[in-house]
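The values are calculated or read from the model by the stated rules, or taken from the named source; none is laboratory data. Values in this document were obtained by computation on a predicted structure and should not be read as measured data. Glycine also receives a Cβ, built like all others from the backbone with ideal geometry; neighbour counts cover every protein chain displayed. Protein only, heavy atoms only, side chains kept; ligands, DNA and RNA dropped before computing areas. Shrake-Rupley method; radii C 1.70, N 1.55, O 1.52, S 1.80 Å.
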Amino acid sequence: MRKFISAVTSLAITATALTGTMMFGASAADTTILEFRSGDSNSVTVASADVAAGEVKVPVKLYVPQSTGVNVLSLKMAINGDETVGQYEEHLFGNYGIKIANNKFSDPNCFDGGTLNDGASAGYADWVGPIFTAQYYNINFTHNDAVQENINLDAFAPYEADGESGVFTWDESVSWAYKYAFAEFDLVLPKGLADGEYVLDIFKGDYVNAVSIGSGKLEYGSTKVSGIDGNVDYITRPLTITVGDGQTQNTTSSSTTTSTTPKQDDPPAGDGIVYKFNTVEVEPGAEATIELTVSGDTGTAGMTLYFAYDENLEFGKRTAGTAYRTGVTFNEKIGTVDGSHVMAYAWGLKDNLTAADGAVVSKFTFTAPTEPGTYKIGLCTNLDPIADENGLYNSVIDKDGKELEFSVVAGAVVVKDADETTTTTSTTSTTSTTSTTSTTSTTSTTSTTTTTSTTPIVGDDDILWGDVDCDKDVDIADVVKLNKFNAGNTDVSEQGQKNADCAFDGKLDAKDALAIKQYLAHLIKYEELGDQ
(Lines give C-alpha, C1' and ligand atoms only; values in the text may rest on other atoms or scores of the structure.)
Protein backbone atom coordinates (compact mmCIF):
# COMPACT_ATOMS: atom_id res chain seq x y z
CA MET A 1 0.00 0.00 0.00
CA ARG A 2 1.19 3.46 -0.83
CA LYS A 3 2.36 5.77 1.94
CA PHE A 4 0.32 8.95 2.54
CA ILE A 5 2.06 12.17 1.59
CA SER A 6 2.06 14.92 4.19
CA ALA A 7 0.53 18.32 3.53
CA VAL A 8 3.91 19.92 4.16
CA THR A 9 5.63 17.93 1.42
CA SER A 10 7.48 20.18 -1.00
CA LEU A 11 5.48 21.04 -4.14
CA ALA A 12 8.48 20.73 -6.41
CA ILE A 13 10.75 17.71 -6.17
CA THR A 14 13.39 18.44 -8.72
CA ALA A 15 14.94 15.02 -9.07
CA THR A 16 13.28 11.73 -8.24
CA ALA A 17 15.36 8.58 -8.54
CA LEU A 18 13.77 5.64 -10.28
CA THR A 19 15.37 2.20 -10.12
CA GLY A 20 18.49 3.90 -8.83
CA THR A 21 19.52 5.38 -12.19
CA MET A 22 16.66 7.09 -14.11
CA MET A 23 15.81 10.72 -13.26
CA PHE A 24 12.42 12.38 -13.69
CA GLY A 25 12.26 16.12 -14.19
CA ALA A 26 9.66 17.87 -12.05
CA SER A 27 10.15 21.52 -12.82
CA ALA A 28 7.28 23.93 -12.23
CA ALA A 29 5.77 24.29 -15.70
CA ASP A 30 4.22 27.63 -16.63
CA THR A 31 0.97 26.20 -17.99
CA THR A 32 -1.00 23.01 -17.51
CA ILE A 33 -1.63 21.15 -20.78
CA LEU A 34 -4.75 19.11 -21.56
CA GLU A 35 -4.31 17.06 -24.72
CA PHE A 36 -6.65 14.80 -26.67
CA ARG A 37 -5.14 11.96 -28.65
CA SER A 38 -6.30 8.99 -30.64
CA GLY A 39 -3.43 6.59 -30.52
CA ASP A 40 -0.33 8.77 -30.76
CA SER A 41 -1.88 11.49 -32.89
CA ASN A 42 -4.00 14.65 -32.55
CA SER A 43 -5.75 13.94 -35.86
CA VAL A 44 -7.75 11.09 -37.36
CA THR A 45 -9.15 10.59 -40.86
CA VAL A 46 -12.30 8.54 -41.44
CA ALA A 47 -13.43 7.54 -44.93
CA SER A 48 -16.80 8.78 -46.11
CA ALA A 49 -17.72 5.24 -47.08
CA ASP A 50 -17.17 4.04 -43.52
CA VAL A 51 -19.61 6.50 -41.94
CA ALA A 52 -22.05 5.93 -44.80
CA ALA A 53 -22.08 2.23 -43.90
CA GLY A 54 -22.67 2.67 -40.16
CA GLU A 55 -21.39 4.05 -36.87
CA VAL A 56 -17.64 4.52 -36.50
CA LYS A 57 -15.89 4.51 -33.13
CA VAL A 58 -12.82 6.68 -32.60
CA PRO A 59 -10.88 5.80 -29.41
CA VAL A 60 -9.78 8.91 -27.49
CA LYS A 61 -7.57 9.53 -24.47
CA LEU A 62 -7.19 12.79 -22.58
CA TYR A 63 -3.66 13.33 -21.23
CA VAL A 64 -2.12 15.87 -18.84
CA PRO A 65 1.47 15.86 -20.18
CA GLN A 66 2.32 19.01 -18.23
CA SER A 67 1.02 20.16 -14.83
CA THR A 68 1.53 23.27 -12.74
CA GLY A 69 -0.11 21.56 -9.79
CA VAL A 70 -3.84 20.75 -9.70
CA ASN A 71 -6.41 19.09 -7.49
CA VAL A 72 -9.66 20.03 -9.31
CA LEU A 73 -10.52 19.57 -13.00
CA SER A 74 -14.07 20.38 -14.06
CA LEU A 75 -14.13 20.12 -17.84
CA LYS A 76 -16.82 20.74 -20.44
CA MET A 77 -16.04 19.25 -23.83
CA ALA A 78 -17.63 20.04 -27.19
CA ILE A 79 -17.32 19.30 -30.89
CA ASN A 80 -16.43 22.43 -32.91
CA GLY A 81 -17.03 24.61 -29.84
CA ASP A 82 -18.77 27.94 -30.40
CA GLU A 83 -19.73 27.05 -33.96
CA THR A 84 -22.11 24.32 -32.89
CA VAL A 85 -23.22 25.28 -29.41
CA GLY A 86 -26.99 25.16 -29.50
CA GLN A 87 -27.35 22.33 -32.01
CA TYR A 88 -29.01 20.48 -29.19
CA GLU A 89 -30.53 17.13 -29.90
CA GLU A 90 -29.74 14.54 -27.25
CA HIS A 91 -27.03 16.52 -25.50
CA LEU A 92 -26.87 19.94 -23.92
CA PHE A 93 -24.45 20.89 -26.69
CA GLY A 94 -25.03 19.87 -30.28
CA ASN A 95 -21.96 17.90 -31.29
CA TYR A 96 -23.53 16.76 -34.61
CA GLY A 97 -25.00 13.68 -32.97
CA ILE A 98 -21.49 12.42 -32.10
CA LYS A 99 -21.84 10.51 -28.85
CA ILE A 100 -19.47 9.43 -26.11
CA ALA A 101 -19.38 5.74 -25.18
CA ASN A 102 -17.27 3.48 -22.95
CA ASN A 103 -16.23 6.52 -20.93
CA LYS A 104 -14.11 6.12 -17.80
CA PHE A 105 -11.22 7.56 -15.86
CA SER A 106 -8.02 5.82 -16.85
CA ASP A 107 -6.82 3.05 -14.57
CA PRO A 108 -4.08 3.62 -13.56
CA ASN A 109 -4.66 7.35 -13.78
CA CYS A 110 -2.01 9.95 -14.54
CA PHE A 111 -2.90 11.40 -11.14
CA ASP A 112 -2.94 9.43 -7.95
CA GLY A 113 -6.72 9.88 -7.88
CA GLY A 114 -7.01 6.70 -9.91
CA THR A 115 -7.15 3.17 -8.58
CA LEU A 116 -4.42 0.58 -8.76
CA ASN A 117 -5.16 -2.68 -10.51
CA ASP A 118 -5.39 -4.53 -7.20
CA GLY A 119 -8.13 -2.16 -6.03
CA ALA A 120 -5.98 -0.31 -3.50
CA SER A 121 -6.40 3.44 -3.27
CA ALA A 122 -3.71 5.45 -5.00
CA GLY A 123 -4.80 8.66 -3.25
CA TYR A 124 -3.99 10.20 0.08
CA ALA A 125 -6.99 8.46 1.66
CA ASP A 126 -10.45 7.31 0.72
CA TRP A 127 -12.21 9.89 -1.47
CA VAL A 128 -15.45 10.40 -3.31
CA GLY A 129 -15.32 9.16 -6.90
CA PRO A 130 -15.24 11.67 -9.76
CA ILE A 131 -18.01 11.99 -12.35
CA PHE A 132 -17.76 11.56 -16.11
CA THR A 133 -21.16 12.34 -17.67
CA ALA A 134 -21.06 11.19 -21.28
CA GLN A 135 -24.44 12.66 -22.21
CA TYR A 136 -23.27 16.20 -21.49
CA TYR A 137 -19.57 15.80 -22.35
CA ASN A 138 -18.74 16.67 -18.72
CA ILE A 139 -15.79 15.55 -16.59
CA ASN A 140 -15.81 16.57 -12.93
CA PHE A 141 -12.73 15.47 -11.00
CA THR A 142 -12.33 16.88 -7.49
CA HIS A 143 -9.88 15.13 -5.20
CA ASN A 144 -11.57 15.88 -1.87
CA ASP A 145 -8.70 14.90 0.38
CA ALA A 146 -6.19 16.86 -1.63
CA VAL A 147 -8.43 19.94 -1.51
CA GLN A 148 -8.99 19.60 2.23
CA GLU A 149 -5.30 19.06 2.92
CA ASN A 150 -4.34 21.91 0.58
CA ILE A 151 -2.21 19.58 -1.54
CA ASN A 152 -1.87 19.24 -5.29
CA LEU A 153 -2.10 15.85 -6.96
CA ASP A 154 1.13 14.10 -7.79
CA ALA A 155 1.96 12.04 -10.85
CA PHE A 156 1.25 8.33 -10.82
CA ALA A 157 4.17 7.22 -13.01
CA PRO A 158 6.93 8.16 -10.51
CA TYR A 159 4.95 6.55 -7.72
CA GLU A 160 4.61 3.37 -9.77
CA ALA A 161 8.38 3.27 -10.10
CA ASP A 162 9.51 3.76 -6.51
CA GLY A 163 6.36 3.66 -4.39
CA GLU A 164 6.94 6.86 -2.46
CA SER A 165 7.70 9.71 -4.84
CA GLY A 166 5.56 12.85 -4.84
CA VAL A 167 5.93 14.74 -8.09
CA PHE A 168 3.36 17.53 -8.10
CA THR A 169 4.51 19.57 -11.09
CA TRP A 170 6.14 18.42 -14.29
CA ASP A 171 6.66 19.49 -17.86
CA GLU A 172 6.20 17.49 -21.03
CA SER A 173 9.89 16.78 -21.38
CA VAL A 174 9.55 13.90 -18.89
CA SER A 175 9.64 10.51 -20.53
CA TRP A 176 6.39 9.45 -18.90
CA ALA A 177 4.29 12.46 -19.98
CA TYR A 178 2.05 10.25 -22.14
CA LYS A 179 2.41 6.98 -20.29
CA TYR A 180 -0.91 7.20 -18.45
CA ALA A 181 -4.01 9.13 -19.47
CA PHE A 182 -6.43 11.06 -17.30
CA ALA A 183 -9.65 9.85 -18.99
CA GLU A 184 -10.59 7.74 -22.01
CA PHE A 185 -13.65 7.06 -24.13
CA ASP A 186 -14.92 6.36 -27.64
CA LEU A 187 -16.36 9.05 -29.86
CA VAL A 188 -19.15 7.39 -31.84
CA LEU A 189 -19.64 9.01 -35.23
CA PRO A 190 -23.23 8.52 -36.40
CA LYS A 191 -24.08 6.80 -39.65
CA GLY A 192 -24.28 9.31 -42.47
CA LEU A 193 -22.20 12.01 -40.77
CA ALA A 194 -21.38 14.64 -43.38
CA ASP A 195 -17.86 15.13 -44.69
CA GLY A 196 -16.04 17.80 -42.73
CA GLU A 197 -13.75 18.46 -39.79
CA TYR A 198 -14.98 17.71 -36.26
CA VAL A 199 -12.74 19.13 -33.56
CA LEU A 200 -13.00 17.77 -30.01
CA ASP A 201 -11.78 20.30 -27.46
CA ILE A 202 -12.39 21.72 -24.00
CA PHE A 203 -15.15 24.36 -24.19
CA LYS A 204 -13.80 27.54 -22.59
CA GLY A 205 -16.91 29.76 -22.49
CA ASP A 206 -19.64 29.98 -19.87
CA TYR A 207 -22.70 27.79 -20.37
CA VAL A 208 -26.06 27.48 -18.68
CA ASN A 209 -26.48 24.70 -16.14
CA ALA A 210 -29.39 22.69 -17.53
CA VAL A 211 -30.99 22.07 -14.13
CA SER A 212 -31.46 25.81 -13.61
CA ILE A 213 -33.66 26.25 -16.70
CA GLY A 214 -37.21 27.07 -15.66
CA SER A 215 -36.21 27.81 -12.06
CA GLY A 216 -36.48 31.57 -12.55
CA LYS A 217 -32.75 32.07 -12.03
CA LEU A 218 -30.21 30.87 -14.56
CA GLU A 219 -27.00 29.40 -13.18
CA TYR A 220 -23.78 29.07 -15.12
CA GLY A 221 -20.92 26.64 -15.41
CA SER A 222 -17.49 26.89 -16.94
CA THR A 223 -14.36 24.80 -17.28
CA LYS A 224 -12.21 25.02 -14.17
CA VAL A 225 -8.68 23.81 -13.52
CA SER A 226 -7.35 24.73 -10.09
CA GLY A 227 -4.80 23.85 -7.44
CA ILE A 228 -3.69 25.10 -4.05
CA ASP A 229 -2.85 28.52 -5.47
CA GLY A 230 -6.22 29.01 -7.15
CA ASN A 231 -7.18 28.79 -10.80
CA VAL A 232 -4.50 27.40 -13.08
CA ASP A 233 -3.57 28.68 -16.53
CA TYR A 234 -4.06 25.92 -19.04
CA ILE A 235 -3.95 25.30 -22.77
CA THR A 236 -5.56 22.54 -24.77
CA ARG A 237 -4.53 20.46 -27.73
CA PRO A 238 -7.66 19.29 -29.50
CA LEU A 239 -8.31 16.18 -31.55
CA THR A 240 -9.37 16.78 -35.15
CA ILE A 241 -11.45 14.09 -36.85
CA THR A 242 -11.63 14.53 -40.61
CA VAL A 243 -14.43 12.72 -42.39
CA GLY A 244 -13.76 12.31 -46.11
CA ASP A 245 -11.65 15.11 -47.52
CA GLY A 246 -12.77 17.53 -44.82
CA GLN A 247 -15.00 19.57 -47.14
CA THR A 248 -18.57 19.85 -45.93
CA GLN A 249 -20.99 18.20 -48.34
CA ASN A 250 -24.66 18.88 -48.99
CA THR A 251 -26.39 16.00 -47.23
CA THR A 252 -29.99 16.83 -48.15
CA SER A 253 -31.70 13.55 -48.96
CA SER A 254 -33.29 12.93 -52.32
CA SER A 255 -36.69 12.72 -50.64
CA THR A 256 -36.55 16.33 -49.47
CA THR A 257 -38.62 18.73 -51.55
CA THR A 258 -37.09 22.10 -52.28
CA SER A 259 -39.35 24.70 -50.71
CA THR A 260 -40.41 28.07 -51.98
CA THR A 261 -41.03 31.05 -49.71
CA PRO A 262 -44.32 32.89 -50.10
CA LYS A 263 -44.22 36.67 -49.61
CA GLN A 264 -44.07 37.59 -45.94
CA ASP A 265 -44.43 41.14 -44.71
CA ASP A 266 -41.82 42.50 -42.33
CA PRO A 267 -43.04 43.21 -38.78
CA PRO A 268 -43.89 46.81 -37.93
CA ALA A 269 -40.99 48.85 -36.60
CA GLY A 270 -41.12 48.81 -32.82
CA ASP A 271 -39.09 49.62 -29.76
CA GLY A 272 -37.88 46.08 -29.12
CA ILE A 273 -36.12 43.09 -30.60
CA VAL A 274 -37.97 41.25 -33.38
CA TYR A 275 -37.66 37.48 -33.72
CA LYS A 276 -39.18 36.21 -36.95
CA PHE A 277 -40.12 32.76 -38.20
CA ASN A 278 -40.29 32.50 -41.97
CA THR A 279 -42.99 30.70 -43.93
CA VAL A 280 -42.16 28.01 -46.47
CA GLU A 281 -44.25 26.18 -49.05
CA VAL A 282 -43.66 22.47 -49.65
CA GLU A 283 -45.19 19.45 -51.29
CA PRO A 284 -47.36 17.14 -49.15
CA GLY A 285 -45.24 14.99 -46.82
CA ALA A 286 -41.98 16.79 -47.67
CA GLU A 287 -39.31 18.04 -45.28
CA ALA A 288 -39.48 21.73 -44.39
CA THR A 289 -36.98 23.90 -42.53
CA ILE A 290 -38.19 27.01 -40.72
CA GLU A 291 -35.63 29.67 -39.78
CA LEU A 292 -35.92 31.96 -36.78
CA THR A 293 -34.09 35.23 -37.44
CA VAL A 294 -33.52 38.33 -35.32
CA SER A 295 -33.37 42.06 -35.94
CA GLY A 296 -33.09 45.14 -33.75
CA ASP A 297 -31.00 43.39 -31.09
CA THR A 298 -29.50 45.89 -28.64
CA GLY A 299 -27.61 43.33 -26.57
CA THR A 300 -29.01 40.13 -25.11
CA ALA A 301 -27.69 37.93 -22.31
CA GLY A 302 -30.35 35.26 -22.22
CA MET A 303 -33.86 34.14 -23.06
CA THR A 304 -36.50 31.61 -22.16
CA LEU A 305 -39.04 31.23 -24.94
CA TYR A 306 -41.74 28.63 -25.47
CA PHE A 307 -42.52 27.99 -29.12
CA ALA A 308 -45.59 26.16 -30.36
CA TYR A 309 -45.97 24.29 -33.63
CA ASP A 310 -49.02 22.68 -35.19
CA GLU A 311 -49.57 19.15 -33.90
CA ASN A 312 -49.84 17.92 -37.49
CA LEU A 313 -46.18 18.77 -38.09
CA GLU A 314 -43.66 16.05 -37.24
CA PHE A 315 -40.62 17.55 -35.54
CA GLY A 316 -37.27 16.41 -36.93
CA LYS A 317 -34.35 18.36 -35.48
CA ARG A 318 -33.10 21.76 -34.37
CA THR A 319 -29.80 23.19 -35.56
CA ALA A 320 -27.93 26.26 -34.40
CA GLY A 321 -27.72 29.55 -36.19
CA THR A 322 -25.02 32.18 -35.89
CA ALA A 323 -26.94 34.92 -34.04
CA TYR A 324 -25.94 33.81 -30.55
CA ARG A 325 -22.98 31.44 -30.27
CA THR A 326 -23.72 29.91 -26.90
CA GLY A 327 -25.02 26.78 -25.25
CA VAL A 328 -28.76 26.25 -25.65
CA THR A 329 -31.13 24.09 -23.67
CA PHE A 330 -33.87 22.81 -25.96
CA ASN A 331 -36.78 20.50 -25.24
CA GLU A 332 -39.41 19.82 -27.88
CA LYS A 333 -41.47 17.53 -25.63
CA ILE A 334 -42.95 20.05 -23.20
CA GLY A 335 -46.62 19.30 -23.89
CA THR A 336 -49.58 20.18 -26.10
CA VAL A 337 -51.60 23.38 -25.86
CA ASP A 338 -54.55 24.38 -28.05
CA GLY A 339 -53.68 21.86 -30.75
CA SER A 340 -49.99 22.77 -30.86
CA HIS A 341 -46.91 21.06 -29.48
CA VAL A 342 -44.82 23.26 -27.20
CA MET A 343 -41.02 23.30 -27.14
CA ALA A 344 -38.71 25.23 -24.81
CA TYR A 345 -35.71 27.23 -25.99
CA ALA A 346 -33.39 28.79 -23.40
CA TRP A 347 -29.85 30.09 -23.01
CA GLY A 348 -28.01 32.59 -20.88
CA LEU A 349 -24.63 34.21 -20.38
CA LYS A 350 -23.09 36.71 -18.00
CA ASP A 351 -22.45 39.25 -20.75
CA ASN A 352 -24.51 40.59 -23.64
CA LEU A 353 -24.33 39.23 -27.17
CA THR A 354 -25.53 41.45 -30.00
CA ALA A 355 -26.90 39.70 -33.07
CA ALA A 356 -26.67 41.25 -36.52
CA ASP A 357 -29.94 42.08 -38.27
CA GLY A 358 -31.17 39.06 -40.16
CA ALA A 359 -28.92 36.62 -38.30
CA VAL A 360 -30.33 33.11 -37.88
CA VAL A 361 -31.05 32.23 -34.26
CA SER A 362 -32.04 28.64 -34.95
CA LYS A 363 -33.46 26.32 -37.60
CA PHE A 364 -36.29 23.84 -37.06
CA THR A 365 -36.90 20.95 -39.44
CA PHE A 366 -40.31 19.31 -39.75
CA THR A 367 -41.97 16.71 -41.91
CA ALA A 368 -45.10 18.26 -43.38
CA PRO A 369 -48.44 16.45 -43.31
CA THR A 370 -49.93 15.12 -46.52
CA GLU A 371 -53.06 17.24 -46.29
CA PRO A 372 -52.90 20.70 -47.91
CA GLY A 373 -53.10 23.56 -45.44
CA THR A 374 -51.18 26.05 -43.32
CA TYR A 375 -49.42 24.71 -40.24
CA LYS A 376 -48.10 27.39 -37.92
CA ILE A 377 -45.08 27.82 -35.68
CA GLY A 378 -44.83 30.75 -33.30
CA LEU A 379 -44.69 31.75 -29.66
CA CYS A 380 -46.85 29.95 -27.10
CA THR A 381 -48.57 32.50 -24.85
CA ASN A 382 -51.06 30.22 -23.11
CA LEU A 383 -48.61 28.49 -20.79
CA ASP A 384 -51.04 27.67 -17.98
CA PRO A 385 -51.83 24.12 -19.18
CA ILE A 386 -48.15 23.12 -19.01
CA ALA A 387 -46.86 25.33 -16.16
CA ASP A 388 -45.27 23.60 -13.21
CA GLU A 389 -45.24 24.91 -9.64
CA ASN A 390 -42.59 27.47 -10.61
CA GLY A 391 -44.66 28.81 -13.48
CA LEU A 392 -43.56 29.34 -17.06
CA TYR A 393 -42.97 32.60 -18.83
CA ASN A 394 -41.45 34.05 -21.97
CA SER A 395 -38.58 36.38 -21.27
CA VAL A 396 -35.58 38.03 -22.93
CA ILE A 397 -33.05 39.72 -20.64
CA ASP A 398 -29.81 41.69 -20.77
CA LYS A 399 -26.69 41.19 -18.65
CA ASP A 400 -28.20 43.21 -15.78
CA GLY A 401 -31.28 41.01 -15.64
CA LYS A 402 -33.51 43.67 -17.19
CA GLU A 403 -36.33 42.23 -19.23
CA LEU A 404 -36.19 43.46 -22.82
CA GLU A 405 -39.15 44.35 -24.98
CA PHE A 406 -39.46 41.97 -27.90
CA SER A 407 -41.91 40.66 -30.45
CA VAL A 408 -42.16 37.42 -32.38
CA VAL A 409 -43.44 36.97 -35.91
CA ALA A 410 -45.10 33.62 -36.44
CA GLY A 411 -44.35 31.51 -39.49
CA ALA A 412 -45.82 28.44 -41.08
CA VAL A 413 -45.35 25.39 -43.23
CA VAL A 414 -47.75 25.71 -46.14
CA VAL A 415 -48.56 22.41 -47.83
CA LYS A 416 -49.37 23.14 -51.46
CA ASP A 417 -52.52 22.20 -53.27
CA ALA A 418 -52.58 22.20 -57.06
CA ASP A 419 -55.94 24.03 -57.15
CA GLU A 420 -55.04 26.86 -54.78
CA THR A 421 -52.54 29.67 -54.46
CA THR A 422 -51.58 30.84 -51.01
CA THR A 423 -50.36 34.16 -49.75
CA THR A 424 -49.29 34.82 -46.21
CA THR A 425 -49.07 37.98 -44.14
CA SER A 426 -47.38 38.04 -40.77
CA THR A 427 -48.40 39.78 -37.59
CA THR A 428 -46.57 40.43 -34.38
CA SER A 429 -47.09 41.81 -30.93
CA THR A 430 -44.73 43.57 -28.61
CA THR A 431 -44.06 42.52 -25.04
CA SER A 432 -42.57 44.36 -22.11
CA THR A 433 -41.93 43.51 -18.50
CA THR A 434 -45.63 43.66 -17.70
CA SER A 435 -47.34 42.22 -20.76
CA THR A 436 -47.64 38.75 -22.24
CA THR A 437 -46.12 38.18 -25.67
CA SER A 438 -48.32 36.90 -28.43
CA THR A 439 -47.72 36.24 -32.08
CA THR A 440 -49.62 34.96 -35.04
CA SER A 441 -49.42 34.43 -38.75
CA THR A 442 -52.72 35.19 -40.39
CA THR A 443 -53.11 33.30 -43.66
CA SER A 444 -55.80 33.74 -46.24
CA THR A 445 -56.21 31.00 -48.82
CA THR A 446 -57.59 32.36 -52.07
CA SER A 447 -58.99 30.39 -54.98
CA THR A 448 -59.26 31.91 -58.43
CA THR A 449 -62.77 33.19 -57.72
CA THR A 450 -63.11 33.80 -53.97
CA THR A 451 -61.43 36.16 -51.49
CA THR A 452 -61.69 35.72 -47.70
CA SER A 453 -61.17 38.30 -44.96
CA THR A 454 -60.63 37.98 -41.22
CA THR A 455 -61.81 41.48 -40.23
CA PRO A 456 -65.56 42.12 -39.94
CA ILE A 457 -66.93 44.99 -42.04
CA VAL A 458 -68.66 47.74 -40.03
CA GLY A 459 -69.98 51.21 -40.62
CA ASP A 460 -68.21 54.42 -39.64
CA ASP A 461 -70.28 54.87 -36.47
CA ASP A 462 -70.13 51.23 -35.32
CA ILE A 463 -67.62 49.73 -32.91
CA LEU A 464 -65.03 47.48 -34.49
CA TRP A 465 -63.63 45.66 -31.48
CA GLY A 466 -59.85 45.72 -31.44
CA ASP A 467 -59.50 48.51 -34.02
CA VAL A 468 -57.50 50.82 -31.74
CA ASP A 469 -56.10 52.99 -34.55
CA CYS A 470 -59.48 53.22 -36.33
CA ASP A 471 -58.18 52.13 -39.73
CA LYS A 472 -61.08 49.68 -40.22
CA ASP A 473 -58.79 46.69 -39.72
CA VAL A 474 -57.76 44.67 -36.67
CA ASP A 475 -54.09 43.77 -36.77
CA ILE A 476 -50.91 43.83 -34.72
CA ALA A 477 -50.60 47.60 -35.13
CA ASP A 478 -53.62 47.92 -32.84
CA VAL A 479 -51.91 45.91 -30.12
CA VAL A 480 -48.77 48.03 -30.40
CA LYS A 481 -50.75 51.27 -30.23
CA LEU A 482 -52.77 50.09 -27.23
CA ASN A 483 -49.63 49.07 -25.35
CA LYS A 484 -48.07 52.47 -26.04
CA PHE A 485 -51.27 54.23 -24.95
CA ASN A 486 -51.33 52.28 -21.69
CA ALA A 487 -47.69 53.23 -21.14
CA GLY A 488 -48.49 56.93 -21.73
CA ASN A 489 -46.48 57.12 -24.95
CA THR A 490 -49.23 57.91 -27.47
CA ASP A 491 -52.81 59.12 -27.80
CA VAL A 492 -55.85 57.12 -28.88
CA SER A 493 -59.03 58.72 -30.19
CA GLU A 494 -62.32 58.44 -28.36
CA GLN A 495 -63.60 55.96 -30.95
CA GLY A 496 -60.34 54.02 -30.69
CA GLN A 497 -60.73 53.76 -26.92
CA LYS A 498 -64.25 52.41 -27.37
CA ASN A 499 -62.95 49.86 -29.86
CA ALA A 500 -60.09 48.90 -27.54
CA ASP A 501 -62.18 47.86 -24.52
CA CYS A 502 -62.23 44.25 -25.70
CA ALA A 503 -62.32 42.84 -22.17
CA PHE A 504 -65.34 45.14 -21.66
CA ASP A 505 -64.60 46.11 -18.07
CA GLY A 506 -64.66 49.87 -18.51
CA LYS A 507 -60.88 50.32 -18.54
CA LEU A 508 -57.99 49.85 -20.94
CA ASP A 509 -55.12 47.64 -19.80
CA ALA A 510 -53.15 44.49 -20.63
CA LYS A 511 -56.35 42.41 -20.59
CA ASP A 512 -57.61 44.22 -23.66
CA ALA A 513 -54.30 43.80 -25.51
CA LEU A 514 -54.32 40.11 -24.63
CA ALA A 515 -57.86 39.69 -25.98
CA ILE A 516 -56.88 41.28 -29.31
CA LYS A 517 -53.80 39.05 -29.54
CA GLN A 518 -55.87 35.95 -28.78
CA TYR A 519 -58.25 36.92 -31.58
CA LEU A 520 -55.37 37.46 -34.01
CA ALA A 521 -53.95 34.08 -33.02
CA HIS A 522 -57.35 32.46 -33.71
CA LEU A 523 -57.64 31.42 -30.06
CA ILE A 524 -60.97 33.20 -29.69
CA LYS A 525 -63.61 34.36 -32.16
CA TYR A 526 -64.34 37.97 -33.02
CA GLU A 527 -67.74 37.57 -31.32
CA GLU A 528 -65.90 37.05 -28.02
CA LEU A 529 -64.44 40.57 -28.07
CA GLY A 530 -66.22 43.42 -26.28
CA ASP A 531 -69.95 43.51 -25.60
CA GLN A 532 -71.44 41.30 -28.30
How many residues does the range 493-517 hold that are surrounded by fewer than 24 Cβ atoms within 10 Å (Cβ to Cβ) and in contact with a Ser or Thr (Cβ under 7 Å, 6 or more places away or on another chain)? 2
Is at least one residue of the range 175-197 surrounded by fewer than 21 Cβ atoms within 10 Å (Cβ to Cβ), part of a helix (DSSP H, G or I) and in contact (Cβ under 8 Å) with a residue 12 or more places away in the chain? no
Return the pairs, sorted by first residue and then second, in which the second residue is small (G, A, S) and part of a strand (DSSP E or B), the first residue lies in the range 391-406 and is over 15 Å from L349 (Cβ atoms), the beta carbons are less than 8 Å apart, and the residues are 6+ apart or on different chains. E403/S395
Filter result (open to solvent by 30 Å² or more (accessible area, probe 1.4 Å) and out of contact with any Lys or Arg (no Cβ under 9 Å at 6 or more places or on another chain)) within the range 340-357: T354, A356, D357
Among the numbered criteria (1) modelled with pLDDT of 80 or more; (2) touching a Ser or Thr at 6+ places or on another chain (Cβ under 7 Å), which one does A521 miss? (1)
All but one of (1) over 25 Å from I273 (Cα atoms); (2) modelled with pLDDT of 85 or more hold for Y345; state the number of the condition that does not hold. (1)
Would you check which residues across the range 304-320 are in contact (Cβ under 8 Å) with a residue 60 or more places away in the chain, open to solvent by 20 Å² or more (accessible area, probe 1.4 Å) and not in a strand (DSSP E or B) and list them? N312
Considering only the range 147-164, state which residues are open to solvent by less than 30 Å² (accessible area, probe 1.4 Å) and at pLDDT 75 or above. I151, N152, L153, D154, A155, F156, A157, P158, Y159
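In this structure, is A301 touching a Leu at 6+ places or on another chain (Cβ under 6 Å) and either of a type outside the set (S, T, N, Q) or on the phi > 0 side of the Ramachandran plot (or both)?
Yes.
The rows are residues; the columns are (1) more than 24 Å from the chain's Cα centre (by Cα); (2) closer than 20 Å to D233 by Cα; (3) of a type in the set (S, T, N, Q).
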site: T142; (1), (2), (3): yes, yes, yes
site: V147; (1), (2), (3): yes, yes, no
site: N152; (1), (2), (3): yes, yes, yes
site: A161; (1), (2), (3): yes, no, no
site: D171; (1), (2), (3): yes, yes, no
site: P190; (1), (2), (3): no, no, no
site: E197; (1), (2), (3): no, no, no
site: D201; (1), (2), (3): no, yes, no
site: K204; (1), (2), (3): no, yes, no
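Provide a single number: the residues in the range 321-339 that are assigned to a strand (DSSP E or B) and open to solvent by 20 Å² or more (accessible area, probe 1.4 Å).
Qualifying residue count for the region: 7.
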Just wondering, is there one or more residues in the range 103-126 that are at pLDDT 85 or above and of a type in the set (S, T, Y)? yes
